[in-house]
Each structure stands twice: as C-alpha cells, then as structure tokens.
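Enquirer: The structure that follows is given in the form of structure tokens.
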Amino acid sequence: AQKVTQAQTEISVVEKEDVTLDCVYETRDTTYYLFWYKQPPSGELVFLIRRNSFDEQNEISGRYSWNFQKSTSSFNFTITASQVVDSAVYFCALSEGKTSYDKVIFGPGTSLSVIP
Amino acid sequence: SQTIHQWPATLVQPVGSPLSLECTVEGTSNPNLYWYRQAAGRGLQLLFYSVGIGQISSEVPQNLSASRPQDRQFILSSKKLLLSDSGFYLCAWTPGQGNSPLHFGNGTRLTVT
C-alpha cells in the first residue's frame with residue numbers, strides 16, 4: 001500500500017537559517033511520482049515540484065532544493081536562507097503510474113514557521 | 001491559461017441543512033476533477049474524483065455526494081449536514097494525462113453548527 005510519512009509535525013527556524021523538510025514514502029510500484037505542495041495561511045495549495053521514479057537527479061530552484069533518494073525512499077526538501085514568506089504547511093505526496101486518474105496520497109504535512 | 005474557481009470561500013450552516021459547493025475550471029477540456037477535504041490536523045483526504053461528465057467515483061463512504069453536470073463543473077452536495085462535515089474543502093483538477101500535478105482552488109471553509 002502507498003504511504004507518505006512526514007515525521008516533522010512542526011518546525012520553527014529563525015529567518016536566514018536553512019531548513020530541511022523530510023519525506024519518506026512507501027510504494028510497491030516501480031513507476032511513481034513524487035510531489036511537494038505548499039499551503040500558506042491563505043489556504044490554497046500550491047504545486048512546487050514533481051519528480052518521477054526514474055529521475056534521481058537533485059533539483060535546485062532558487063532557494064529551494066530537493067534530494068530524491070530511491071535507496072532510502074526519501075524525497076527531502078531544503079529551503080536555503082529561509083524567509084518569513086516561507087512560513088506555511090508543506091505537503092509531500094505520491095501517485096502511482098498506472099491509474100487513469102491522478103490518485104495522489106498526501107503526507108500529513110509539516111508546518112514551518114520562519115521567525116523574523 | 002487555466003484557472004479554477006471555487007465558491008463560496010466560507011460557509012456556516014446548521015446541522016441538518018443542505019450543502020452545495022461549486023467548482024469550475026476554465027481554459028482546458030475534459031479535465032479530471034477532484035474534491036478533497038482537509039479536517040483539523042491538516043491531512044488531505046480525497047473524497048471524489050471524476051474523469052468525465054456524469055462519471056463520479058467515491059473514495060470514502062460518507063454523507064456527501066458529487067456531481068459533474070458539465071465538462072468543467074464539479075459540485076459537492078449534501079442533503080443533511082453533520083457536525084463532522086466541518087472542514088476545509090478543496091477542489092482540484094488535472095489534465096487527465098496521468099501523474100500531473102493537482103491544481104487547487106482557493107478552498108471553502110465550512111463550519112457546521
């Protein structure tokens with residue numbers, strides 16, 4: 001069965017610190033996709049990144065970077081030089097490659113507070 | 001470009017009253033449509049999804065129902081609300097090509113009193 005674990009319920013950091021949000025997933029499929037979403041206080045979920053199971057290259061986008069390691073079933077998200085605007089709940093998610101619709105399993109989320 | 005509209009933004013309803021939340025998508029055809037609920041504690045639960053007009057699948061048995069009367073319209077309903085129906089309801093769409101990112105609406109915060 002699919003499962004996404006985000007062990008960190010809440011994290012607080014001081015502005016400009018780096019922070020890593022952990023995500024561990026479980027799936028029996030060889031083809032799957034991983035996602036990160038951000039939910040600011042306004043409530044709307046914003047898509048950040050998608051990664052397929054065949055692409056283990058790390059990715060960097062500005063202050064954001066993602067580390068995908070199939071050997072440990074992890075897809076961790078690092079924010080460098082955090083800012084107050086990064087305060088939000090972050091969700092890691094997983095979907096299988098076989099369904100006709102996008103069945104996405106979300107982790108429980110990590111609430112990040114960046115303190116000025 | 002594609003946009004998704006969801007309304008109302010907030011709603012306070014008494015127990016036993018009916019519910020209708022509406023979601024529409026613009027700028028795309030034949031999208032997959034989804035209703036999620038986010039209860040206190042942040043977890044996102046898939047309630048319904050639809051791959052076409054009139055095609056509704058339910059992930060969790062409950063007091064709610066969904067309908068898709070038009071290609072880009074998705075409605076969440078209830079005949080009689082329960083206190084446990086309170087939560088944050090999010091509509092989302094994908095292009096239907098498989099494994100695409102979900103694009104969410106702004107959500108409806110429902111409080112059942």
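The values are calculated or read from the model by the stated rules, or taken from the named source; none is laboratory data. If you're wondering where the values come from, they're calculated on a predicted model, not measured in any experiment. Quick reminder, even Gly has a Cβ in these numbers, built from the backbone with ideal geometry, and neighbours come from all protein chains shown.
Enquirer: Filter the range A:17-39 down to the residues that are in a loop (DSSP other than H, G, I, E, B) and modelled with pLDDT under 95 and list them by number.
Expert: Scanning the range A:17-39 gives A:T27, A:R28, A:D29, A:T30, A:T31.
Enquirer: Right, something else. Any idea which residue in the range B:20-64 is surrounded by the fewest Cβ atoms within 10 Å (Cβ to Cβ), counting only those that are among the small types (G, A, S), facing chain A (nearest Cβ under 10 Å) and assigned to a loop (DSSP other than H, G, I, E, B)?
Expert: Checking each candidate, the answer is B:G41.
Enquirer: Name every residue in the range A:73-86 that is surrounded by fewer than 18 Cβ atoms within 10 Å (Cβ to Cβ) and under 15 Å from the mean Cα position of the chain (by Cα), in order of residue number.
Expert: Across the range A:73-86, the qualifying residues are A:S73, A:S74, A:T78, A:T80.
Enquirer: Kindly list the number of the only condition in (1) in contact with an Asp or Glu (Cβ under 6 Å, 6 or more places away or on another chain); (2) at pLDDT below 95 that fails for A:N76.
Expert: Going through the list (1) in contact with an Asp or Glu (Cβ under 6 Å, 6 or more places away or on another chain); (2) at pLDDT below 95, A:N76 breaks only (2).
Enquirer: Could you check, for the range A:83-95, whether at least one of its residues is at pLDDT 95 or above, out of contact with any Lys or Arg (no Cβ under 9 Å at 6 or more places or on another chain) and not aliphatic (A, V, I, L, M)?
Expert: Checked the range A:83-95: at least one residue is at pLDDT 95 or above, out of contact with any Lys or Arg (no Cβ under 9 Å at 6 or more places or on another chain) and not aliphatic (A, V, I, L, M).
Enquirer: Can you name the residue in the range B:75-96 that is in a strand (DSSP E or B) and within 13 Å of chain A (Cβ to nearest Cβ) and is also nearest to A:D29 (Cα to Cα) among such residues?
Expert: B:T94
Enquirer: Let me confirm something: among B:N106, B:N99, which residue is within 7 Å of another protein chain (Cβ to nearest Cβ), surrounded by fewer than 19 Cβ atoms within 10 Å (Cβ to Cβ) and either on the phi > 0 side of the Ramachandran plot or in a loop (DSSP other than H, G, I, E, B) (or both)?
Expert: B:N106
Enquirer: Follow-up question, since we're still on this one. Could you name every one of the strands (runs of 3 or more DSSP E) located completely within the range A:42-116 that has at least 3 residues being within 14 Å of chain B (Cβ to nearest Cβ)?
Expert: A:46-52, A:88-96, A:104-106, A:110-115
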